[in-house]
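Below: one structure, written as structure tokens.
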Amino acid sequence: MEPAISCRGLRKHYPDVKAVDGLDLSVARGECFGLLGPNGAGKTTTIEILEGLTTPDGGAVEILGLNWKDDEREIRERIGISLQETQLADKLTVLETLRLFRSFYRKGPSPEELLRDLTLEEKRDSRVGKLSGGQKQRLAVACALVGKPDILFLDEPTTGLDPQSRLQLWEVVTRFRKRGGTVLLTTHYMDEAERLCDRIGIVDHGHLIALGTPKELIGRLDAPNVIEFTSEPAVDEGAFSDIPGFHAATLRANAWHLQVDSLADAVPPLIVGVEKRGSRLITLTTHAATLEDLFVSLTGRELRDA
Amino acid sequence: MREIRPALIELTIVRVKEFVRETEALFWVFGFPLLMTVALGFAFRDSGPERVPVGIVEGPAAAGQLKALASSPALQPRIYGADEGRAELRRGKISLLVAGTPPVYRFDPARPEARTARLEADDALQIAAGRRSAFEPRDERVEEQGARYVDFLVPGLLGMNLMSTGMWGIGFVVVNARMKKLLKRLVATPMKKSDFLVSHFLSRIVFLILEVGALVAFAWFAFDVRIHGSWLLFSAICFLGATAFAGLGTLVASRVRTIEAVSGLMNLVMVPMWICSGVFFSYERFPRAAIPFIRALPLTAVNDALRAVMNDGLGLAAVAPMLINLSIWTVVSYVVGLKIFRWQ
């Protein structure tokens, strides 16, 4: 069977920026694929080209074996979309909004069923303008699910949401996948990508700079653990050479990030080494390596502020 | 579960609901035109002809003359010193100065109200001096419906209302939806784009019936303004007017991205029509060369057609040119508007 989503050589150049610059991607049916990258990396432009909302300058897109030029209506019937920051009509109620969106599609669950699935039953007669951020986002996803789509596109579905609302949305995505649905989502949250996605593509400056399962990607880091510390005065890189299992160090915003094999082996000699050089430790934290660290090692920048 | 209604119906219902829930909009559509009719209707109520101010030079006969002139319904006499009276006449504060017995009438014959004052004053003084009329005439005053200012005003306000609610009702909503990316969200569904625009038009028609009905009924009961011609033709004019302005609203809103920009553009289109298209006064007062352009404006066509049917009771033949004008505006603005429409 052809992939759910595939594109080759995707390009979109704006006067001041190459938003997408030669991007290839293939998402299998039933897969959950995450596009991960900082703001301005080209994630939204990419997903909107795949959604048929932006015309690329070059490259080919196929959705479920169909293309946007000839089969737009057919594709629209079979995909569900949640845009970044859409505001639905404030003056309508939740149920009215769902009924409206339901009327655009040939088939799909009833608005009442959707309310139940997205735990919005209590809010069915509330105005959209009165909903919380999490409820609004669940309604946006409900509007994406209203046509019983084969593919769900979610552009930063949980940005700005509280932890509980994020969990609720993750559950909705997980349930959609259990029914065989394909998901393409963008995010700049590592935990979201690690938790939800089968495969991840890391995007920077309109290119895919890494592609694989979350485990594979983290495995590409030379070492599984990271130590972050600051000291007064700062020490130079020479201080790390005799730490066992040390791989690499990067200095960002006055903090050293050290990649090491084992925290137990590396932390005591680090502390001793810093003191021996007449410096005092100010902060020290450690964590298991994440996609964030991968992004940093790939680009030298952090995801949030890149 | 209720069954799923067609998208066009659902879109129209949603538009109507959204509008009804917008309290301010309700006031501007229904309350404001009624208030305007009341205010202007009373301000220009026909209270009979105004009295012309005339002066009497003080002297032994002045008191008697004052009494005689005051008995005329057309005059408003007052006694002045000789120099003062002349000065007031020169300034145009009074139209006629009566001096001495037998009186000398001082006035400017080039001014119509001065000539009227001269005739009225002479009449009153002659009668007071004992002149008998050869016969007693009876006055019949013309106060027919259709000839008063309020009769002129109501069709103009109707036209103005059709324009502003039509253009705002569509322009504001479309731009607002574009700004909030709601338009983009809608085109991301299989919704037919034509359904979206047609639903705006249909919801306008729902309100059209209510807003025209309210204004016509109010004008009828409060000022006895009637529709002398055909109701069917009247409805057809309102309908075509509403389509033309809905089209114009769509055109104005077709590419604009912000509310500020669309407000400016709306005013750019509407203000000239408010002024030129004969809402409050006849556009015949504009220079002759401007008249063909003014007649080409959709609001002029609506106002002229409404006045022809409401006040003069004219038929289809008389308003056909205006209906054709409105049809052209409708077709052109929808075709161009849809062609350049920006969904995102």
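What the table below lists for this structure:
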{"quantity": "Test: residue in segment B:57-66 that is modelled with pLDDT under 90 and β-branched (Val, Ile, Thr)", "calculated": "no"}
{"quantity": "Condition broken by B:Ala253, with the remaining ones in (1) buried (at least 24 other Cβ atoms within 10 Å of the Cβ); (2) out of contact with any Gly (no Cβ under 7 Å at 6 or more places or on another chain) satisfied", "calculated": "(2)"}
{"quantity": "Cβ pairs under 8 Å, 6+ apart, first in segment B:157-184 and outside the structural domain of B:Ala244 (by TED's automatic domain parsing), second small (Gly, Ala, Ser)", "calculated": "none"}
{"quantity": "Number of the exception - B:Gly166 against (1) out of contact with any Pro (no Cβ under 9 Å at 6 or more places or on another chain); (2) within 30 Å of B:Leu265 (Cα to Cα); (3) within 14 Å of chain A (Cβ to nearest Cβ); (4) not hydrophobic (A, V, I, L, M, F, W, C)", "calculated": "(3)"}
{"quantity": "Unmet criterion (only one of (1) within 9 Å of chain B (Cβ to nearest Cβ); (2) of a type in the set (Asp, Glu); (3) not in a loop (DSSP other than H, G, I, E, B)) for A:Glu85", "calculated": "(3)"}
{"quantity": "Conditions (1) without any contact (Cβ under 8 Å) to a residue 24 or more places away in the chain; (2) within 30 Å of A:Glu51 (Cα to Cα); number of the one not met by A:Phe246", "calculated": "(2)"}
{"quantity": "Out of B:Ile275, B:Ile294, sole residue that is under 20 Å from B:Gly247 (Cα atoms) and either free of Cβ contacts under 8 Å to residues at least 40 places away in the same chain or in contact with a Gly (Cβ under 7 Å, 6 or more places away or on another chain) (or both)", "calculated": "B:Ile294"}
{"quantity": "Residues (under 28 Å from B:Tyr149 (Cβ atoms) and of a type in the set (Lys, Arg)) located in segment B:194-236", "calculated": "B:Arg226"}
{"quantity": "Hits in segment A:88-102 - residues which are surrounded by 19 or more Cβ atoms within 10 Å (Cβ to Cβ) and in a loop (DSSP other than H, G, I, E, B)", "calculated": "A:Leu88, A:Ala89, A:Leu92"}
{"quantity": "Qualifying residue in segment B:193-212 (condition: within 14 Å of chain A (Cβ to nearest Cβ) and free of Cβ contacts under 8 Å to residues at least 12 places away in the same chain)", "calculated": "yes"}
{"quantity": "Any hit, segment B:215-233, residues being surrounded by fewer than 19 Cβ atoms within 10 Å (Cβ to Cβ), more than 16 Å from B:Pro155 (Cα to Cα) and touching a residue at least 40 places away in the same chain (Cβ under 8 Å)", "calculated": "no"}
{"quantity": "Single unsatisfied condition, B:Leu89 versus (1) under 25 Å from B:Asp139 (Cα atoms); (2) touching a strand residue (DSSP E or B) at 6+ places or on another chain (Cβ under 7 Å); (3) among the aliphatic types (A, V, I, L, M); (4) touching a residue at least 24 places away in the same chain (Cβ under 8 Å)", "calculated": "(1)"}
{"quantity": "Boolean, A:Glu113 is of a type outside the set (A, V, I, L, M), out of contact with any Leu (no Cβ under 7 Å at 6 or more places or on another chain), outside the structural domain of A:Leu208 (by TED's automatic domain parsing) and surrounded by fewer than 22 Cβ atoms within 10 Å (Cβ to Cβ)", "calculated": "yes"}
{"quantity": "Some residue of segment B:194-209 being out of contact with any helix residue (DSSP H, G or I) (no Cβ under 8 Å at 6 or more places or on another chain) and assigned to a loop (DSSP other than H, G, I, E, B)", "calculated": "no"}
{"quantity": "Scan of segment A:211-231 for residues that are closer than 18 Å to A:Leu184 by Cβ and at pLDDT 90 or above, ordered by number", "calculated": "A:Leu211, A:Gly212, A:Thr213"}
{"quantity": "Failed criterion for A:Leu118 (all others in (1) aliphatic (A, V, I, L, M); (2) surrounded by 22 or more Cβ atoms within 10 Å (Cβ to Cβ); (3) assigned by TED's automatic domain parsing to the domain that holds A:Arg76 hold)", "calculated": "(3)"}
{"quantity": "Residue match in segment A:103-119 (condition: among the charged types (D, E, K, R), in a helix (DSSP H, G or I) and more than 9 Å from chain B (Cβ to nearest Cβ))", "calculated": "yes"}
{"quantity": "Breaking point among (1) surrounded by 15 or more Cβ atoms within 10 Å (Cβ to Cβ); (2) in contact with a helix residue (DSSP H, G or I) (Cβ under 6 Å, 6 or more places away or on another chain); (3) without any contact (Cβ under 8 Å) to a residue 60 or more places away in the chain, for A:Ile200", "calculated": "(3)"}
{"quantity": "Any helices (runs of 4 or more DSSP H) falling wholly within segment B:265-344 and containing at least 2 residues that are hydroxyl-bearing (Ser, Thr, Tyr)", "calculated": "B:316-339"}
{"quantity": "Qualifying positions in segment A:78-112 - acidic (Asp, Glu) and over 25 Å from the mean Cα position of the chain (by Cα)", "calculated": "A:Asp90, A:Glu96, A:Glu112"}
{"quantity": "Given (1) of a type in the set (D, E, K, R); (2) without any contact (Cβ under 8 Å) to a residue 60 or more places away in the chain; (3) closer than 30 Å to B:Phe223 by Cα; (4) outside the structural domain of B:Gly247 (by TED's automatic domain parsing), number of the condition B:Glu113 does not satisfy", "calculated": "(2)"}
{"quantity": "Candidates A:Thr230, A:Thr299, A:Thr290, filtered to the one that is more than 30 Å from A:Thr46 (Cα to Cα) and of a type in the set (Val, Ile, Thr)", "calculated": "A:Thr230"}
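Residue by residue, here is whether (1) under 27 Å from A:Arg199 (Cα atoms); (2) surrounded by 15 or more Cβ atoms within 10 Å (Cβ to Cβ); (3) within 28 Å of the chain's Cα centre (by Cα) holds:
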position	(1), (2), (3)
A:Gly219	yes, no, yes
A:Asp222	yes, no, yes
A:Asn225	yes, yes, yes
A:Pro233	no, no, no
A:Asp236	no, no, no
A:Ala239	no, yes, no
A:Ile243	no, yes, no
A:Ala249	no, yes, yes
A:Ala253	no, no, yes
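Condition check ((1) under 15 Å from the mean Cα position of the chain (by Cα); (2) on the phi > 0 side of the Ramachandran plot) across all residues:
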site	(1), (2)
B:Phe245	no, no
B:Val252	no, no
B:Ile275	yes, no
B:Gly278	yes, yes
B:Ala289	no, no
B:Val332	no, no
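The values are calculated or read from the model by the stated rules, or taken from the named source; none is laboratory data. All values reported here derive from a predicted model rather than from experimental measurement. FYI the Cβ positions are ideal-geometry reconstructions off the backbone, even for glycines, and counts take in every protein chain you see.
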